[in-house]
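Student: Sharing a structure, written as structure tokens. Questions coming.
The values are calculated or read from the model by the stated rules, or taken from the named source; none is laboratory data. A quick note: this is a predicted structure, and the numbers were derived from the prediction, not measured. Backbone-built Cβ (ideal geometry, glycine too); neighbour counts: all protein chains shown.
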Amino acid sequence: MKKCRARIVSKKELCEGIFDIRLRTEIAKDAKAGQFVLVFPNDPSRLLGRPLCICEADGDELRIVFRISGLGTKEISGISEDEEIMIEGPLGNGWNIKAAAGKEVLLLCGGIGAPALLQLAKKLGSQKGKEGGPKNVKAVLGYRNAPMNTFLAGDFENAGAEVVIASDDGSVGIKGNVIEAAGEKDIDCDVIFACGPMPMLKAVKSFADRKGIPAYISLEERMACGVGACLGCVVKTAAKDAHSHVNNARICTEGPVFEASEVIL
Amino acid sequence: MKDLSVSFCRMKFKNPVTCASGTFGSGIEYSEFVDLDGLGAITTKGVSVDAWEGNPTPRVAETPSGMMNAIGLQNPGADVFIKRDLAFLKKHDVPVIVNVCGHSTEEYVKAVKLLSEREEIALLEINVSCPNVKEGGIAFGTDPKSLFEITKAVKKVSKKPVIMKLSPNVTDIALMARSAEEGGADAISLINTFTAMKIDIYKKSFVLANRTGGLSGPAIHPIAVRMVYEASKAVSIPVIGMGGIACAADAIEMMMAGAVMVAVGMMNFHEPSLMTDIIKDIEAWMDETGTEKISDIIGCMH
């Protein structure tokens, strides 16, 4: 865990408002699938780092794919190749990869939730069929509509996942949300990993509950410190949290990945 | 070798820099970034007798050159704090200031009684200025008579020196400082955050679930300097100055205004190693200006 400069290797706009930035940083080598970094705007009046999930980490290269959701991410999206930016990380717990051992794995990716699952897909893809690895990996990627360009779908395919596309308006892939699309394709699974908007995560939680299978979900919340000090980013928990001793867990530290049954959404 | 030490409440601190309560956890959270033993002191997140849940989320929001928070003093309660956080700090060579909160005079008194038994604690800081809890907190810190009474009540039972942490949400900070002194406070610390509000104009909703939150950060630093100046002139007890300190210059400024020690707050979130940098840069400034003892500049603007 450290804060340091990172150089922009490349930047692309994948579709309107969604950016793909590759950074050269020593943080990359310690990064695990499902962790995140704080990315600090260069504008000195914006002091807090933006929590952005790690999309890929390879050698000393870190890939982040994010949507502009405010002035900070807008500024970060405007950075040019060869410029530098401050980042802090890797932060958070990451995905529970062991839970995929010997299992039919389903990755549910809602919109800008997809980047949080790509490194996991790659990891699981490389372990598929091996001892301790998953039996099979399927991914349903949900988009709002066709202009979203089915961003990252090709990356999930390259990672070895069987990919199903869904869209809210039916303009690309199956019409419906990721759970409806999984149902229509008769996808059987015994563990779910999911990231996406809150209504989707709520649906994933109750779907997994009905099926009686574990679901791991990655949450987001407004953060300040990112290291568990300020207690800004908590989620309600079903049982008393071991650290806080109240029914709240820190998303930045105990999360961002939680077993869905542990949290109250 | 420049002398960075300061004397505060008849104790010697190796340098004047600590953290503002709530911005540094209990040190554990930042121990990968900061050599805790290099700090003047560590001031912990507020502790109450029993565990507190805190407020709903969102609890934080960024503002220009600052931020707002409405955490609501979530904490695991004094027993867990003693067994876990204090046990961790005990292994370090750094004085510990424990911030204490409560909903009522009884709760403050109970917490102070419990905590002041602990030899690992150097000082207690009483939070009578949190703007984000419904009872206790700021209600005690914005009325001079209530402040006097609560100070007297905690002083009666405390075996440790007591620092009263003051709210800036008052008309006359000098009056509040005097009330704390008259109540028997050994020191005061200021400022806590300003009660503030932020509205999302597209959603037509409050950005913080609590509607209001405490504003902190460099945006409020000049107001903090003014208040530290006014408060420290009004009393003879020592002052910990805080409010938007972002660099050694801000810390030095705060000491010139009258603070014996200074606390770094939200800027720890921006730069986890900031306190270490500030200590180093204060020393560089002393070299540059031929200042032998940092204590010589305290209140030099009075």
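Student: Can you confirm whether residue B:138 is at pLDDT 95 or above, among the β-branched types (Val, Ile, Thr) and more than 17 Å from residue B:235 (Cα to Cα)?
Tutor: When the stated conditions are applied, residue B:138 does not pass them.
Student: Anything in segment A:243-265 that is closer than 17 Å to residue A:204 by Cβ and either of a type in the set (Gly, Ala, Ser) or at the interface with chain B (Cβ under 10 Å from one of its Cβ atoms) (or both)? List them, or say none.
Tutor: Across segment A:243-265, the qualifying residues are A:251, A:255, A:260, A:261.
Student: Give the residue, chosen from B:117, B:125, B:62, B:107, that is buried (at least 22 other Cβ atoms within 10 Å of the Cβ), of a type in the set (Asp, Glu) and in contact (Cβ under 8 Å) with a residue 40 or more places away in the chain.
Tutor: From the options B:117, B:125, B:62, B:107, the qualifying one is B:125.
Student: Look at residue B:153 and say whether it is of a type outside the set (Ser, Thr, Tyr), farther than 27 Å from residue A:234 by Cβ and in contact (Cβ under 8 Å) with a residue 40 or more places away in the chain.
Tutor: yes
Student: Another question, then. Go through (1) without any contact (Cβ under 8 Å) to a residue 24 or more places away in the chain; (2) within 14 Å of another protein chain (Cβ to nearest Cβ); (3) of a type in the set (D, E, K, R) one by one and return the number of the condition residue A:75 breaks.
Tutor: (1)
Student: Another question, then. Mind counting the residues in segment B:54-74 that are part of a loop (DSSP other than H, G, I, E, B) and at the interface with chain A (Cβ under 7 Å from one of its Cβ atoms)?
Tutor: So the answer is 8.
Student: Here's another thing I want to ask about it. Going by what's in this entry, would residue B:29 be described as within 19 Å of the chain's Cα centre (by Cα), crowded, with 20+ Cβ neighbours inside 10 Å and without any contact (Cβ under 8 Å) to a residue 12 or more places away in the chain?
Tutor: yes
Student: Can you report the number of residues in segment A:39-71 which are assigned to a loop (DSSP other than H, G, I, E, B) and within 14 Å of another protein chain (Cβ to nearest Cβ)?
Tutor: Qualifying residue count for the region: 11.
Student: Take the residues in segment B:22-42 that are small (Gly, Ala, Ser) and either at the interface with chain A (Cβ under 7 Å from one of its Cβ atoms) or touching a Gly at 6+ places or on another chain (Cβ under 9 Å) (or both); name whichever of them is nearest to residue B:261 (Cα to Cα).
Tutor: Result: B:22.
Student: Can you give me the number of residues within segment A:1-38 that are assigned to a strand (DSSP E or B) and either touching a Gly at 6+ places or on another chain (Cβ under 7 Å) or not aromatic (Phe, Trp, Tyr) (or both)?
Tutor: 23
Student: Moving to a separate point now. Could you list, in sequence order, all residues of segment A:125-162 that are more than 24 Å from residue A:17 (Cβ to Cβ) and part of a strand (DSSP E or B)?
Tutor: Residues satisfying the conditions are A:136, A:137, A:138, A:162.
Student: Among the numbered criteria (1) more than 9 Å from every other protein chain (Cβ to nearest Cβ); (2) free of Cβ contacts under 8 Å to residues at least 40 places away in the same chain; (3) among the aliphatic types (A, V, I, L, M); (4) part of a loop (DSSP other than H, G, I, E, B), which one does residue A:165 miss?
Tutor: It is condition (4) that residue A:165 fails.
Student: List the number of the failed condition for residue B:98; all other conditions in (1) free of Cβ contacts under 8 Å to residues at least 60 places away in the same chain; (2) surrounded by fewer than 21 Cβ atoms within 10 Å (Cβ to Cβ); (3) more than 13 Å from chain A (Cβ to nearest Cβ) hold.
Tutor: Tallying (1) free of Cβ contacts under 8 Å to residues at least 60 places away in the same chain; (2) surrounded by fewer than 21 Cβ atoms within 10 Å (Cβ to Cβ); (3) more than 13 Å from chain A (Cβ to nearest Cβ), residue B:98 fails exactly one: (2).
Student: Just the residues that are in a helix (DSSP H, G or I) and either under 20 Å from the mean Cα position of the chain (by Cα) or touching a residue at least 60 places away in the same chain (Cβ under 8 Å) (or both), please, taken from segment B:76-89.
Tutor: Hits for segment B:76-89 are B:78, B:81, B:82, B:85, B:86, B:88, B:89.
Student: Could you look through segment A:46-72, keep only residues that are free of Cβ contacts under 8 Å to residues at least 40 places away in the same chain and closer than 20 Å to residue A:9 by Cβ, and pick out the one that is surrounded by the fewest Cβ atoms within 10 Å (Cβ to Cβ)?
Tutor: Across segment A:46-72, the extreme among qualifying residues is A:59.
Student: List pairs: first residue in segment A:215-242 and more than 10 Å from chain B (Cβ to nearest Cβ), second residue among the polar types (S, T, N, Q) and part of a loop (DSSP other than H, G, I, E, B) anywhere in the structure, Cβ distance under 8 angstrom, at least six positions apart or on different chains.
Tutor: If the second residue must be among the polar types (S, T, N, Q) and part of a loop (DSSP other than H, G, I, E, B), the pairs left are A:216/A:96; A:237/A:247; A:238/A:247; A:239/A:247.
Student: Do any strands (runs of 3 or more DSSP E) lying entirely in segment B:1-43 carry at least 2 residues that are more than 18 Å from residue B:127 (Cβ to Cβ), and which ones are they?
Tutor: It comes to B:6-8, B:11-13.
Student: I've got another one for you. Of the numbered conditions (1) more than 11 Å from chain A (Cβ to nearest Cβ); (2) surrounded by fewer than 22 Cβ atoms within 10 Å (Cβ to Cβ), residue B:18 satisfies every one except a single condition; which is it?
Tutor: For residue B:18, the exception is condition (2).
Student: When only residues in segment B:43-53 that are more than 9 Å from chain A (Cβ to nearest Cβ) and farther than 26 Å from residue A:89 by Cα count, which is surrounded by the fewest Cβ atoms within 10 Å (Cβ to Cβ)?
Tutor: Per the stated criteria, the residue is B:50.
Student: Separate question: For residue B:7, work out the one condition from (1) surrounded by fewer than 23 Cβ atoms within 10 Å (Cβ to Cβ); (2) closer than 17 Å to residue B:268 by Cβ; (3) in contact (Cβ under 8 Å) with a residue 24 or more places away in the chain; (4) more than 7 Å from every other protein chain (Cβ to nearest Cβ) it doesn't fulfil.
Tutor: If we test residue B:7 against (1) surrounded by fewer than 23 Cβ atoms within 10 Å (Cβ to Cβ); (2) closer than 17 Å to residue B:268 by Cβ; (3) in contact (Cβ under 8 Å) with a residue 24 or more places away in the chain; (4) more than 7 Å from every other protein chain (Cβ to nearest Cβ), just (2) comes out false.
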